[in-house]
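A short worksheet on the structure shown next.
The values are calculated or read from the model by the stated rules, or taken from the named source; none is laboratory data. In this text, all values refer to a predicted model and were calculated from it rather than measured experimentally. For neighbour counting, all protein chains shown are included, and Cβ atoms are generated from backbone atoms with ideal geometry for every residue, glycine included. For accessibility, only protein heavy atoms count, side chains too; no ligands or nucleic acids. Shrake-Rupley method; radii C 1.70, N 1.55, O 1.52, S 1.80 Å.
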Amino acid sequence: ARNALLTVFAIASVHSTVQANGCNPTLYGTSFEGKNGLATLYSINLINGYSARIGATGFERISGMDTDPATDITYATAEQPGTDTPVLITVDRASGEGSMVGELTIVNEGIAGLSIRNGDGKLYAFGGQENIFTVDSATGMANLLFEKVDEPTRVGNGIAFSPTDVLY
């Protein structure tokens, strides 16, 4: 099983949400192969590092994922199979199955990260051009919050809020 964890890292970067279930915290990650690979959801035990395949999401290239602590809904950014259309989905952590919420209304920019602000449950997205968006979790409608005006440095591919809602 430890080899499976290494495979997840080798196929694609791991996008995570941590669930603290008693004393057995679990990291959820996805992997996909190639430009149009369908993403698969995995659980990763943070104590022993073992991973377990949960199931196929039905969507391509999941690039950001987070769970709303208030609703326990896991959101992710992905692409519709065969279309390269960016979408917001929810992911069932028990089966891996993804359900489309709506098309992401972000033009000419892929999503590199996704995070939910703790204080109000608002969804934020970090774009591939290093812009920051708010995303309506009911529709996928994105609104530009911060636009980077100089050349993107491509220094990262994720965002996260601290427990006190500082955005990193």
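With the highest mean first, a sort of the peptides 57-64, 126-133, 30-37, 157-164 on other beta-carbon atoms found within 10 angstrom per residue produces 57-64, 126-133, 30-37, 157-164.
If I compute solvent accessible area with a 1.4 Å probe over the protein chains, what percent of it on region 77-121 is carbon and sulfur? C and S fraction of accessible area: 43 percent.
Fully extended, how many nm does the chain gain between ASP136 and THR85 (0.36 nm per residue separation, minus their Cα-Cα distance)?
16.7 nm
Our estimate of slack between ASP92 and SER162, defined as 0.36 nm per intervening residue step minus the Cα-Cα distance, is 22.8 nm.
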